[in-house]
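For reference, the structure is listed below as structure tokens.
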Amino acid sequence: MTRVLSRRELNRALLARQHLLERVSMPALDLMEHLAGMQAQAPRAPYVALWSRSAGFRAAELEALIEARTAVRAAGMLRTTIHLLSAADALAMRPVLQRGVVERGFRSGSPFARNLVGLRIDEVIAVGRQLLMERPRSTAEMGRLLGERWPDRDAVSLAMAVRYLVPLVQVPPRGLWSRSAPPKFAILEDWLGRPLAIDTAPDSLVLRYLAAFGPATVADVATWSWLTDLRPVLERLRPGLRVFHDEHGRELFDVPEGLLPDPESPAPPRLLPEFDNVLLLHKDRAHHGARAQSTLARRRRWPNGHVPRRRVHRRYVAAHTNRGPRDAGDPAVGAGRSRRPINGRYRSTQPARVAGPSRPSRYPLRARRLTPVDGEEASSGSAPRWRRDQAVGGLYAFRAIAAFSTIAACSSWS
């Protein structure tokens, strides 16, 4: 009889495989490859994600990998987004994703293809490649130069055709911790001096997902990759996989060596950046308690439906938000609420409240305390050394705030 895995068992399996139950001592490059890449459109988010997983991580380590071209910020990867990947993974993944994810996303999931109807896209790609072979260029510069060639077409759509359909990387200093710059793009093969892989079968990519995120359903794999027609792939891999069911009867696939820790394993708080893979990459986000968070994000109309700065708190995921109890009798509400503009938006200074299984609330995603300074829970008998952050308010105000100032100030960070 097929074993049924509870929600808590799936939660602990996910946290263990993401190294969020216990931080590991592992080189940053190996950890990136174990995670099968890290979503990275927020340039400094991978630094926080690695710090929360690796006991010895320092920002300079990842900066050195990016500057040495051992790691790259590759555009148009999983879900057509920017990912931080090892150079080897970038060259191997792009051919797998080119037709089923990138080209499909450009032609059916974006407005840019509709703006270029009747134009030979292969000519746009050829000219774009030539421009990028000269030197790295920004999207705006690409649009201006391509617009000179096709003045009757939308310049942004011309540039985005190249962004989507040509394998590109964002070149440093974009993505460095100590400094940054507006994004400029280079062709992936030219930047690394190596050609793309020729294998387009998704089998190895699916196995890597299961190792880092499993056990998982077919829909989970599709949510992570945006690949379609994955059922035949998993059926082909089935003889070498473990198969379970969840509490709802859905079939779960897993690699034979995948961790299944004790469901009662303690889960210490971990600070996760926006777009962290663990929060986004299951069809059923109840694996880690983020379903309510996703609903809240859509209701609050944050960009892309995400919530700024999360931390895994025991069983649940808590997020910094600007909304809280409005009952003046609630002890979490201060004497009043003051607002001041940040880049035309506003943030609230109303005190926040902490959510968790031990403190039920009508506002379960309200959080103020962050991860302890040393990344672990305070030892018994000692006062927890929590660093505090301003409550973030307004719809988009978090974009104007140093999102990881709390992490940068931690005594264990350098």
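The values are calculated or read from the model by the stated rules, or taken from the named source; none is laboratory data. Quick caveat: nothing in here was measured; it's all calculated off a predicted structure. When we count neighbours, we look across all protein chains shown, and the Cβ atoms used for this are built from the backbone with ideal geometry, even at glycine.
Things to note:
- If the condition is being within 22 Å of Pro95 (Cβ to Cβ), within 19 Å of the chain's Cα centre (by Cα) and not aliphatic (A, V, I, L, M), then the range 172-212 contributes Arg208, Tyr209.
- When Ala87 is tested against (1) touching a residue at least 60 places away in the same chain (Cβ under 8 Å); (2) surrounded by 22 or more Cβ atoms within 10 Å (Cβ to Cβ); (3) in contact with a strand residue (DSSP E or B) (Cβ under 8 Å, 6 or more places away or on another chain); (4) aliphatic (A, V, I, L, M), only condition (2) is not met.
- Single match in Asp152, Asp199 (criterion: exposed (fewer than 15 other Cβ atoms within 10 Å of the Cβ) and free of Cβ contacts under 8 Å to residues at least 24 places away in the same chain): Asp152
- When the criteria are applied in full, Pro256 fails the requirement of being closer than 30 Å to Ala201 by Cβ, modelled with pLDDT of 95 or more and assigned to a helix (DSSP H, G or I).
- Just one of the listed residues (Arg3, Arg99, Arg114, Arg12) is over 20 Å from Ser180 (Cβ atoms) and in contact with a strand residue (DSSP E or B) (Cβ under 6 Å, 6 or more places away or on another chain), and it is Arg3.
- The set of residues in the range 197-233 being of a type in the set (D, E, K, R) and either in a loop (DSSP other than H, G, I, E, B) or more than 22 Å from Leu20 (Cα to Cα) (or both) consists of Asp199, Asp203, Asp229, Arg231.
So that you can scan it fast, the table gives a plain yes or no per residue for (1) farther than 25 Å from Phe275 by Cβ; (2) surrounded by fewer than 20 Cβ atoms within 10 Å (Cβ to Cβ); (3) modelled with pLDDT under 95; (4) among the β-branched types (Val, Ile, Thr):
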site: Gln98; (1), (2), (3), (4): no, yes, no, no
site: Ser110; (1), (2), (3), (4): no, yes, yes, no
site: Arg129; (1), (2), (3), (4): yes, yes, no, no
site: Glu141; (1), (2), (3), (4): yes, yes, no, no
site: Ala161; (1), (2), (3), (4): no, no, no, no
site: Pro172; (1), (2), (3), (4): no, yes, no, no
site: Ala181; (1), (2), (3), (4): no, yes, yes, no
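- Of all residues in the range 147-173, those satisfying the criterion of being assigned to a helix (DSSP H, G or I) and either of a type outside the set (D, E, K, R) or within 17 Å of Thr81 (Cα to Cα) (or both) are Gly147, Ala155, Val156, Ser157, Leu158, Ala159, Met160, Ala161, Val162, Arg163, Tyr164, Leu165.
- The test for being surrounded by 20 or more Cβ atoms within 10 Å (Cβ to Cβ) and out of contact with any Asp or Glu (no Cβ under 7 Å at 6 or more places or on another chain) holds for Ser225.
- For the range 120-179, a residue qualifies if it is aromatic (Phe, Trp, Tyr) and under 18 Å from Arg69 (Cβ atoms), and exactly one does: Trp177.
- Unique residue being under 16 Å from the mean Cα position of the chain (by Cα), of a type outside the set (Gly, Ala, Ser) and modelled with pLDDT of 95 or more when the list is Met93, Met77: Met77
- Qualifying residue in the range 185-198 (condition: of a type in the set (Gly, Ala, Ser), out of contact with any Leu (no Cβ under 9 Å at 6 or more places or on another chain) and within 24 Å of Gln130 (Cβ to Cβ)): yes
- Arg79 being surrounded by 23 or more Cβ atoms within 10 Å (Cβ to Cβ), among the charged types (D, E, K, R) and closer than 19 Å to Ser225 by Cβ: no
- Those residues of the range 109-146 which are assigned to a helix (DSSP H, G or I) and charged (D, E, K, R), in sequence order: Arg114, Asp122, Glu123, Arg129, Glu134, Glu141, Arg144
- Residue ID - surrounded by the fewest Cβ atoms within 10 Å (Cβ to Cβ), chosen from residues in the range 231-250 that are closer than 23 Å to Arg7 by Cβ and out of contact with any Leu (no Cβ under 9 Å at 6 or more places or on another chain): Gly249
- Residues being surrounded by fewer than 21 Cβ atoms within 10 Å (Cβ to Cβ), at pLDDT 95 or above and within 21 Å of Asp199 (Cα to Cα) are represented in the range 21-43 by at least one member.
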